[in-house]
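Quick notes on the structure that follows.
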Amino acid sequence: MSNVDPATDTGRSAVSRRTVVRGTAWAVPVVMVAAAVPAFAASQLVSVDSAGVGCHVVQNPPDAIRAYIMFTGADGINVSVTGVTAENATPTNLPVSGVIASGQWEAEVHFQTTAAFQYAGRVLTVSYTANSQPQPSAQVVIPAFTARCP
């Protein structure tokens with residue numbers, strides 16, 4: 001026989017305090033992680049706007065190219081390009097650093113490649129810092145390519 005009083009039994013089991021505390025303990029880290037994401041996103045100080053026209057440096061072998069990457073942001077921010085990836089090309093002069101002036105700074109990145117004349121339309125993935133803070137990497141496209149660098 002059961003000791004349950006039919007007048008007070010609702011058919012549900014009571015939730016223990018231990019179960020409530022366990023659920024709360026798991027909820028706290030989730031809230032902390034969700035709160036941290038907007039802080040990181042808001043820390044982007046500089047953005048990568050575009051890549052300028054690339055050019056071919058005559059050098060045999062291998063061929064070399066230059067790509068120009070435009071950064072925009074507030075004046076006085078120190079920018080350092082720490083990495084650039086491009087298909088069939090290896091950067092040779094990184095890191096490249098400069099300071100935003102008049103709202104922008106153009107980085108000149110040198111590459112060694114075997115396919116210099118085929119770089120118009122290629123995507124560059126750029127890693128960089130602003131005032132020594134890592135920024136989200138960005139992708140830009142080399143819009144056009146000239147035969148020779150001036």
Problem - Peptide ranges 128-138, 64-74 listed from the most packed, as the mean C-beta count within 10 angstrom indicates - result: 64-74, 128-138
Practice task
Provide the gained length on full extension for the span Ser47 to Asn93, in nm with one decimal, where the gain is 0.36 nm per separating residue minus the Cα-Cα distance.
Solution key: 14.5 nm
Completion exercise
Residues whose modelled amide H sits under 5 Å from the amide H of Thr82, counting only those 5 or more places away in sequence or on another chain, are Ser127, Tyr128, Thr129
Exercise for the section: Go through the stretch 124-141 residue by residue and turn each phi into a ³J(HN,Hα) via Karplus (6.51, -1.76, 1.60, θ = phi - 60°); whole Hz please, and just put x for glycine and proline. Expected result: 10, 9, 10, 10, 7, 10, 10, 6, 6, 9, x, 10, x, 5, 9, 10, 9, 10
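Each reported figure results from applying straightforward, stated rules to the coordinates on display, with no laboratory input. Quick caveat, the model's predicted, so the values are computed rather than measured. Ideal geometry is used to build each Cβ from the backbone, glycine not excepted, and the neighbour counts take in all protein chains shown.
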